[in-house]
Amino acid sequence: MPSPSAEDRALIVELYDRYSWALDTGDTDGYVALFTDDALVTEEARGGGLEEKHGHDGVRELVLKFHENPEFPGRQHRHSQIVLDPDPQGRPDHWQVRAYVTTTQTRPGEAPTLYWCGHIRDTVRKDGDTWRIHEKNIMSWAGEVLARFG
């Protein structure tokens, strides 16, 4: 199976490291800059259904619902088991990214707790020398990903 170069793989993993740091430290501008201008973000909405956001304005709207939430500080997002697959649409300089995502919640004087776990299925695109998130899909650990279990 084809795979990105070692350098590109390292840069894609760093993109996700920067994603978590920007999200968890309230760096709204830094978070938005990690996405392509024409990004599409799909997130499972509370209560069911999917919520879509388009472009930098949509990405900013999405992240501000966290950054403006007084309950958000203290959360840490982690991506693990990152798998890079060829782009399903065959586009050059694109890779599909699958990863587990866990979120912990830490409050002063309390033990950290697991807040959420799920997965992503994203597409990243190389713009010049920089990898950015082009399509982001945030999903719980349910549904299609478990379809083989019947």
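The values are calculated or read from the model by the stated rules, or taken from the named source; none is laboratory data. These numbers were taken from a predicted model, which means no experiment stands behind them. Note that each Cβ is placed from the backbone with ideal geometry, even for glycine, and that neighbours are counted across all protein chains shown.
Values computed for the structure shown
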item: Selection status of residue 142, aliphatic (A, V, I, L, M), surrounded by fewer than 17 Cβ atoms within 10 Å (Cβ to Cβ) and out of contact with any helix residue (DSSP H, G or I) (no Cβ under 6 Å at 6 or more places or on another chain); result: yes
item: Residue check, residue 123 crowded, with 16+ Cβ neighbours inside 10 Å, hydroxyl-bearing (Ser, Thr, Tyr) and either out of contact with any helix residue (DSSP H, G or I) (no Cβ under 8 Å at 6 or more places or on another chain) or within 15 Å of residue 20 (Cα to Cα) (or both); result: yes
item: Conditions (1) touching a Lys or Arg at 6+ places or on another chain (Cβ under 8 Å); (2) closer than 20 Å to residue 18 by Cβ: number failed by residue 138; result: (1)
item: Sole exception among (1) in contact with a helix residue (DSSP H, G or I) (Cβ under 8 Å, 6 or more places away or on another chain); (2) within 29 Å of residue 129 (Cβ to Cβ) for residue 57, by number; result: (1)
item: Any hit, region 45-56, residues being within 12 Å of the chain's Cα centre (by Cα) and closer than 23 Å to residue 145 by Cβ; result: no
item: Extreme residue, farthest from the chain's Cα centre (by Cα), among residues of region 68-94 that are assigned to a strand (DSSP E or B) and either touching a residue at least 60 places away in the same chain (Cβ under 8 Å) or over 29 Å from residue 26 (Cα atoms) (or both); result: 86
item: Given (1) over 29 Å from residue 8 (Cα atoms); (2) modelled with pLDDT under 95; (3) surrounded by 10 or more Cβ atoms within 10 Å (Cβ to Cβ), index of the condition residue 105 fails; result: (2)
item: Top-ranked residue of region 7-63 - restricted to ones that are in a helix (DSSP H, G or I) and of a type in the set (Phe, Trp, Tyr), ranked as surrounded by the fewest Cβ atoms within 10 Å (Cβ to Cβ); result: 21
